[in-house]
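Working notes, beginning with the structure itself.
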Amino acid sequence: MQSVLGTILDPAADKILMTTLTVTLAMQGQLPMPLAVIILGRDLLLSLSAFYIRYTSLPEPKSFARYWDFSLPSAEIRPTGISKINTALQLALMGVTTVHPLLPFELGLSLAGLQWTVATTTIWSGLSYVFSKDAVRLVSQRPPKKPLI
């Protein structure tokens, strides 16, 4: 069973986890700053887009209370395929980067390759939301038609 609140909280929790890990590792110098900017920038732009889509797709009358009323779904944002892959790669990168200093061997080129891969998939997944026709679906507010019997 899936609730409207659950469809909002699950991606929000992912973004909070990724933001916390990205900022922490970048501040410690373990994650390159340009990569951190790409990851955080994509998440910020997607979050702002979600707020905008919610506002523009909310039926009249628009109000602050109705905006935050989750019983009034107005749009559905579906993760794209590359976005799911990107999330897995980002989490793998964060895990490897976190344990890397504790390992008895150097990851060097492998870690750099994973960083480049994550940078590429992060940009790709951000663009996939812009160019995919299936990523955002406006929810019709019309009541279902009654069968003619």
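Key figures
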| item | result |
| --- | --- |
| Selection from region 54-80 of residues that are in a helix (DSSP H, G or I), of a type in the set (Gly, Ala, Ser) and open to solvent by 50 Å² or more (accessible area, probe 1.4 Å) | Ala65 |
| Residues of region 97-116 that turn out to be open to solvent by 50 Å² or more (accessible area, probe 1.4 Å) and more than 20 Å from the chain's Cα centre (by Cα), as a count | 10 |
| Within region 118-132, considering residues that are touching a residue at least 60 places away in the same chain (Cβ under 8 Å) and polar (S, T, N, Q), the one nearest to Arg42 (Cα to Cα) | Thr122 |
| Which numbered condition Phe131 misses (of (1) more than 22 Å from Met18 (Cβ to Cβ); (2) surrounded by 11 or more Cβ atoms within 10 Å (Cβ to Cβ)) | (2) |
| Enumeration of residues in region 27-53 that are closer than 17 Å to Asp14 by Cα and either touching a residue at least 60 places away in the same chain (Cβ under 8 Å) or open to solvent by less than 90 Å² (accessible area, probe 1.4 Å) (or both) | Ala36, Ile38, Ile39, Leu40, Gly41, Arg42, Asp43, Leu45, Leu46, Ser47, Ser49, Ala50 |
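The values are calculated or read from the model by the stated rules, or taken from the named source; none is laboratory data. This is a predicted model, so every value here is computed, not measured. Reconstructed Cβ throughout: ideal geometry from the backbone, glycine too, with neighbour counts over all protein chains shown. Heads up: the accessible areas ignore ligands, DNA and RNA and are worked out on the full protein's heavy atoms, side chains in. Shrake-Rupley method; radii C 1.70, N 1.55, O 1.52, S 1.80 Å.
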